[in-house]
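For reference, the structure I am asking about is given below.
A short reminder: the numbers here are calculations on the coordinates, not readings from a lab. The shown structure was predicted, so the numbers you read here are calculated from the model rather than taken from an experiment. When we count neighbours, we look across all protein chains shown, and the Cβ atoms used for this are built from the backbone with ideal geometry, even at glycine.
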Amino acid sequence: MSYKQLSPEERYQIQAALGMGQTQAQIARALGRAQSTISRELRRNRGVWATTDAPYRAQHATRCAQARRVTKGVRSRKIQGRLRDLVEQKLRLSWSPEQIAGRLNHELGIRISHETIYQHVIRDAQQRGFLRYCLRFGGYKQHRMKKSKAGARTRARKNWIEQRPAEANERRALGHWERDSLLGARGSSVVLTVVDRRSRYTQLRRVAKHDSAHIADATAAVIRKHRAVSKTMTNDNGSEFQRDEELQSRLGIPVYFCNPGSPWERGTVENTNGLLRQYLPRHTDFDRISSSWVRAVEDTLNHRPRKTLGYRTPNEVFHGTTDTLTRGALMRFGLEFS
């Protein structure tokens with residue numbers, strides 16, 4: 001059974017119960033907690049000012065608990081004692097963390113990552129220390145210690161996937177698209193993948209440059225053909241998708257962003273990219289592939305039955321048509337039909 005920390009509401013109940021003269025055992029039974037939990041709470045968060053009339057204050061106890069969470073892990077478990085003194089001494093001599101880590105391994109056989117030393121510097125900075133000023137450029141990558149104002153404005157501007165309509169999440173309607181970039185060889189063009197969530201209908205475009213301007217133009221060209229049914233667009237946070245405000249104005253539909261590091265939130269396009277790798281393997285130079293080949297791959301996926309669609313094709317579901325096996329095709333396989 002996992003342990004759940006006391007909530008502020010439970011602390012106020014403890015304060016009220018103590019004021020009524022209840023014992024720790026009675027309080028524990030009322031809250032459904034172990035008596036040791038109540039005892040530990042009183043021991044750690046009672047406060048030096050506790051009196052008989054006011055043995056416990058919930059507000060003060062909550063502040064104490066939150067403060068411990070903030071300071072938890074401030075001291076490095078790997079850099080302590082004499083090693084800590086040695087590392088900080090070399091930092092003050094303007095040695096870089098990489099130089100310190102390398103010399104410790106070379107001279108003393110101590111294996112420690114330079115990233116661990118950087119984290120030690122960050123912890124020191126959070127405690128108003130000065131080790132960061134011993135590093136080059138007056139501090140270690142300041143953007144890692146505080147979020148940039150530009151980044152905050154970008155995050156506030158975006159439509160996040162939690163705001164996406166329920167019909168898109170549940171695949172109830174056509175026109176809710178997902179998009180991604182399929183990368184090839186370094187420096188070559190890319191393939192833009194745009195997939196309808198409900199029908200799995202796929203549109204591919206080869207894009208000369210992997211940047212936001214070219215990707216936005218290619219996306220607009222795809223959606224323009226299906227403007228009547230298009231409702232939303234979902235993608236990841238790649239730099240090529242950052243012209244969302246301009247694209248929303250051009251297309252007249254909202255663009256939603258998945259949470260960072262959550263590829264499953266756009267699983268349709270991720271699965272489609274996996275299917276595409278059969279025809280467009282990794283490290284392929286897309287500059288050497290013709291546009292007719294890309295269209296052939298697109299047609300192959302759109303006219304191939306999918307189990308998730310009840311063995312209908314994406315083309316059938318998206319356009320509301322019926323694809324049939326022709327008489328000639330059946331006869332070539334030696335099949336008869338009435």
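Would you mind counting up the charge near Ser188? Only other residues with Cβ under 12 Å from its Cβ, with Lys and Arg at +1 and Asp and Glu at -1. Don't skip to the answer; put the middle values down first.
On the way: positive: Arg186, Arg206, Lys209, Arg282, Arg288; negative: Asp285, Asp287.
Summing Lys and Arg as +1 and Asp and Glu as -1 gives +3.
Let me ask something else about it. Report, in listed order, any pair from Lys158/Lys307; Lys209/Lys231; Lys231/Lys307; Lys209/Lys307 with a Cα-Cα distance greater than 29 Å.
Where the Cα-Cα span goes over 29 Å, the pairs concerned are Lys158/Lys307; Lys209/Lys307.
Next question, about the same structure. If you project the alpha carbons of the stretch 158-317 onto their three principal axes, what span does each projection cover, largest first, in Å?
40, 37, 30
Check which residues have an amide H placed less than 5 Å from Val207's amide H, if you skip close sequence neighbours.
For Val207, whose amide H was placed from the backbone, the distant partners under 5 Å are Val190, Val191, Leu192.
Which whole-Hz couplings ³J(HN,Hα) result when phi for each residue of the stretch 289-298 is put into the Karplus expression 6.51 cos²θ - 1.76 cosθ + 1.60, θ = phi - 60°, listed in order with x for Gly and Pro?
Rounded to whole hertz, the list is 9, 6, 5, 5, 5, 4, 5, 5, 5, 4.
Right, something else. With every atom except the alpha carbons ignored, what do you get for Rg and Dmax of the stretch 224-295, in angstroms?
14.7, 36
Just to confirm my numbers, what's the Cα centroid distance between the stretch 85-137 and the stretch 280-319 in Å?
52
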